[in-house]
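Here the structure comes first, spelled out in structure tokens, and everything after it is commentary.
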Amino acid sequence: MTTAFPTNRDTDLFSLHGRTAVVTGASSGLGARFATVLAAAGATVFAAARRPDRLKELADDDPRIHPVVCDVSREADRVRLAETVLAAGGRFDILVNNAGAPGAVRAEDESADDFADVLAVNLVAAFHLARLLAEAPSSGRTRSIVNVSSVLGLVSGAPMGGAAYAASKAGLVGLTRELAGQWGQSGIRVNALAPGWFRTEMTHELFADERSRRWVERGTMLGRGGEQGELDGALLYLASDASSYCTGQVLTVDGGWTAR
């Protein structure tokens, strides 16, 4: 039996050197982590969010991260973000649609306007930014869009979750598959990352409360919530050439939550 040794391509599969990436919702939580992970892999990262002070901290820690103050719920801000990226280097290789709004937990506490506001951030903005990437000049290299969905877009999270949030995350799954089908032959891969219950600023109260924390632990095969670093590999896989033959897929990282 012969042993296969790694080729140069194998060792470079997860490298993002020479790539330009955009991460939305990058001022805290998973988004901040995603920006630093992509930069560490060699990408030039445009970190977009509403809080300039948080973005400055990211940029101060890594010169490959460039802050862009942006409210993704505003069309003009989304266009300006894409223009900023293209003006800086003429490339737009990776898009991580991470920005998200939680909405109310109980449907009866959520008005139709509230519902629409959550979809505007979580779904409409993701679609528009994906279109802006698709319309940008191609560098001839395969481009990657990673839509950050959630296990709540796959299964009910009641009594946690929320109607607008779940609908938006399920919508991202459908959007991912449709755009993958439409743009695959144009060299654009579109996949979704569906995290389970991770410890972030958004879920601080969930994990701080003993009753809800135990609910997470009981429902997760690994018996615990996820830590931010446990999404690093999945993100790099979808963003890099390691997933060159993967599109239209949902990569679920949830400790076994949806496998029951």
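Coordinate-derived values only; no laboratory data. If you're wondering where the values come from, they're calculated on a predicted model, not measured in any experiment. We place every Cβ from the backbone using ideal geometry, glycine too, and count neighbours over all the protein chains shown.
Taking the radius of gyration and the Kirkwood hydrodynamic radius from Cα positions alone, what is the Rg/Rh ratio for segment 117-260, to two decimal places?
1.00
Taking the alpha-carbon centroid of each part, what is the distance from segment 199-260 to segment 139-163 in angstrom?
11
With each run of n ≥ 4 DSSP H residues scored as -39500 (n - 2.57), what mean residue ellipticity at 222 nm is computed for the chain after dividing by its residue count and rounding to the nearest 500 deg cm²/dmol?
It lands at -12000 deg cm²/dmol.
What's the local net charge at L238, with K and R +1, D and E -1, over the other residues with C-beta under 15 Å away?
For residues surrounding L238, the net value is +1.
Restrict the search to segment 134-223; then list the GluC sites (Glu not before Pro) that DSSP places in a loop and that have at most 14 other Cβ atoms within 10 Å of their Cβ.
E201
What do you get for trypsin sites (Lys or Arg not before Pro) in segment 108-162 restricted to DSSP loop and a cutoff of at most 13 other Cβ within 10 Å of the site's Cβ?
Sites meeting the loop and neighbour criteria: R141.
For every other residue with a beta carbon closer than 13 angstrom to the beta carbon of D60, add +1 if it is Lys or Arg and -1 if Asp or Glu, then tell me the sum.
So the environment of D60 carries a net charge of -1.
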